[in-house]
Structure formats: structure tokens, C-alpha cells
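What follows is calculated from the coordinates using simple rules that are stated; it is not laboratory data. Just so we're clear, the structure is a prediction, and the values are computed from it rather than from any experiment. Because the Cβ atoms are built from the backbone with ideal geometry, glycine has one as well, and the counts that use them run over all protein chains shown.
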Amino acid sequence: MVNIPKLKHTDSGNFFLIAGPCAIEGRDMALQIAERLVKLADKLQIPYIFKGSYRKANRTKLNSFTGIGDLTALKILKEVGETFDVPTVTDFHEAHEAAMAAEYVDVLQIPAFLCRQTDMLTAAAQTGKVVNIKKGQFMSGESMGFAVEKVQSVNPAAPIFLTDRGNSFGYGDLVVDYRNLPAMQAHGVPVVMDCTHSLQQPNQTSGVTGGKPALIATIAKAAIAVGADGLFIETHPNPAEAKSDGANMLALDQLEGLLERLLKIRQAIR
């Protein structure tokens, strides 16, 4: 496991969890979700990182929700981290935003569509923060080694992990090739399975991305069985009312039961 400030329960032997809302919709909701997740992680002894996007730059329609304001959302992320003493992660979208986001969070995330962007990767490395690189839907696990090399070329000691989120299958679906998990682990970094975005159904004619949340448990269980180091799960008290990616998020009250089942699988393969 990479060295992440404030990450707890690292000696438990459990997988680590990156979880939270797709986007920061407001202070109260972010704190409410974080409180639930921190209590759950402490109960189950799971290393936990709070996730929330300060802005959603990649949206299907022009009028789709993009955020509540960059600095407003980043300050909420910082408050979550300080209030609950947990690390936080957010994605950024252009190289010049890396330094800004790094002032508020512990982990910088490279979005999947941008995982080949050299200036994004090197900008993240320059901040000295932990870097999570999401595997592009068009990339193999083996090819993600070049993204790792780009970060390490600037900061050889940079803490890095790679996150799989499926591969494009036709125009409007994704499939998960679990061979990519050990392929990315071969690069010498922890590997995460994004259990929610891998179930997206993008490019719908309605202009709203679809999803198959009923299969989140299936994706998660298979990932743990294969040996994933961590899981990425977007969650919301009421996904139907979420302002971004509600079609593939897990309802918050379903997370505890799922994690309990996943811990049993983890224990069985150790």
C-alpha cells in the first residue's frame, strides 16, 4: 500500500476503499456521507479515502450539472478531511489545476479519458501528492505502465496507484477484463477496481449516461477474488436524485452489507 497521509487500518490486511459521491453537491451532504463512511470503515477496519469531484468537466450534455464552484467544492473536501481525519481524493481536468487541487486534497486523480496526457501526469507528480491514474476505457493494463513512467520521471518516489474502470464495448457499454488487474500490478503499484463507473452505459441517445448498479456487487466480488488491492465505489443517499452519475451509483445504505461480504472473500483468498 502506498503511503497516504491519515490513512488508517493499514495493518488490517483488508483491501482499501475509495468511496463518496460522484460530485460535491453541497457541504451538508458531503459531511453526511463522509460521517457514515468513516464510521463504517472504522467498524470493519477498512483503510478509507473519501472521494468527491470538485467539478465534472466531462459531461454528455451542455446543460448537465458540473459543480457548485471549484473553490467552494475544494474547501468542502478539505473540511471533510479535517473533520474526520481521513484522506481525500478528487480528479482534476487540466494541468494547471493540479497545484490548486493539491492545496485541498491528499490524492490527485487523473480521469480515465486523460490518462495519456503527459502534462496532466507530470503536473500531478510535481505536487508531491499521491496520484491515482484511472485506466482509459481504450487502454490495456500493460500499456498503463507508460503513465506510471511519466509520473515517476518527474518524481521517482511518487506514490501511485492505478484504477481500472472497464473497457469500451461498442458505442454504449463497457466490459471488465480482469486480466488487467494483475497486468497493472506488474507495474509495481497497488491496483483498484472502480466498481461503479465500470458499469456505466455511456453515449445514450437521451444524453444521460446509463448504468447497471445491480451488478456492482458482482464486479466488486470478482475484483477481490482476483486480488485487487482496493475498491472504488461511488455512493449516495439517494442515487436517483444525484446530480451526476446517479444511474451507476450504489445506495449508501447498501454499502455495509456489500463490504461485509467482500471482507469474507478477502479473508478466504489470503
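Mind giving me the nanometre distance, one decimal, between the label points for Ala251 and Thr60, set 7 Å out from Cα along Cα→Cβ?
2.3 nm
Divide by every residue of the chain the summed helix terms, -39500 (n - 2.57) for each DSSP H run of at least 4, and state the resulting mean residue ellipticity at 222 nm, rounded to the nearest 500 deg cm²/dmol.
Numbers: 8 runs with 91 residues, N = 270.
Helices in the chain give a 222 nm mean residue ellipticity of -10500 deg cm²/dmol.
Within the set Lys43/Lys264; Lys6/Lys39; Lys51/Lys264, which residue pairs have Cα atoms separated by over 18 Å? Please report the intermediate quantities before stating the final value.
Values: Lys43/Lys264 15 Å; Lys6/Lys39 15 Å; Lys51/Lys264 24 Å.
Beyond 18 Å between Cα atoms: Lys51/Lys264.
When the convex hull of the Cα atoms of the range 143-184 is projected onto a plane and the area is averaged over all directions, what value comes out in nm²?
Spelled out: convex hull of the Cα atoms, projected over all directions, averaged, 3.6 nm².
Would you give the gap between the C-alpha center of the range 169-190 and the C-alpha center of the range 82-121, rounded to a whole Å?
21 Å
Please identify the chymotrypsin sites (Phe, Trp or Tyr not before Pro) of the range 1-65 that satisfy two criteria: DSSP loop assignment and at most 16 other Cβ atoms within 10 Å. Which are they?
Details: sites: Phe15, Phe16, Tyr48, Phe50, Tyr54, Phe65; in loops: Phe15, Tyr54, Phe65.
Qualifying residues, ordered by number: Phe65.
Do any chymotrypsin sites (Phe, Trp or Tyr not before Pro) in the range 98-205 lie in a DSSP loop with no more than 16 other beta carbon atoms within 10 Å, and if so, which? Write down the numbers at each step before the final one.
On the way: sites: Tyr104, Phe113, Phe138, Phe146, Phe161, Phe169, Tyr171, Tyr178; in loops: Tyr104, Phe138, Phe169, Tyr171, Tyr178.
Sparse-neighbourhood loop chymotrypsin sites (Phe, Trp or Tyr not before Pro): Phe138, Phe169, Tyr171.
Quick one: which residues, 5+ away or cross-chain, put their amide H under 5 Å from the amide H of Leu174? H built at 1.01 Å from N.
Phe169
Pick from Ile68, Ile46, Ile219: which is most flexible by mean-square fluctuation in a GNM of the chain where alpha carbon atoms under 10 Å apart are linked?
With Cα springs under 10 Å in the chain, the top fluctuation among Ile68, Ile46, Ile219 is at Ile68.
Where a ≥ b ≥ c are the square roots of the eigenvalues of the C-alpha gyration tensor, would you call the range 16-269 rounded, which needs a/c under 1.5, or, failing that, prolate if a/b is larger than b/c, or oblate?
Working: a/c = 1.12, a/b = 1.03, b/c = 1.09.
Judged from the Cα gyration tensor, the range 16-269 comes out rounded (a/c under 1.5).
Under a 10 Å cutoff between Cα atoms, tell me which one of Leu255, Leu162, Leu199 has the largest fluctuation in the Gaussian network model of the chain.
The residue with the greatest mean-square fluctuation here is Leu255.
Can you work out the Karplus-derived ³J(HN,Hα) for every residue in the range 13-21? Use 6.51 cos²θ - 1.76 cosθ + 1.60 with θ = phi - 60°, whole Hz, and x for glycine or proline.
Coupling constants for the range 13-21: x, 8, 5, 9, 10, 10, 8, x, x Hz.
Setting aside same-chain residues fewer than 8 positions from Lys150, which lysines have a Cα under 16 Å from its Cα?
Correct list for Lys150: Lys129, Lys134, Lys135.
Work out from phi, with θ = phi - 60° and the Karplus expression 6.51 cos²θ - 1.76 cosθ + 1.60, the ³J(HN,Hα) of each residue of the range 51-63, listed in order in whole Hz, and give x for Gly and Pro.
Couplings: 10, x, 8, 7, 7, 9, 7, 9, 10, 6, 10, 4, 9 Hz.
Ordered by residue, what ³J(HN,Hα) values in Hz, to whole numbers, does the range 170-178 give under the Karplus form 6.51 cos²θ - 1.76 cosθ + 1.60, where θ = phi - 60° and Gly and Pro are x?
Once rounded to whole Hz, the list reads x, 8, x, 7, 10, 10, 9, 9, 5.
Which of the three applies to the range 7-116, rounded, prolate or oblate, going by the alpha-carbon gyration tensor with a ≥ b ≥ c and a/c under 1.5 meaning rounded?
Working: a/c = 1.90, a/b = 1.58, b/c = 1.20.
Here the range 7-116 falls in the prolate category.
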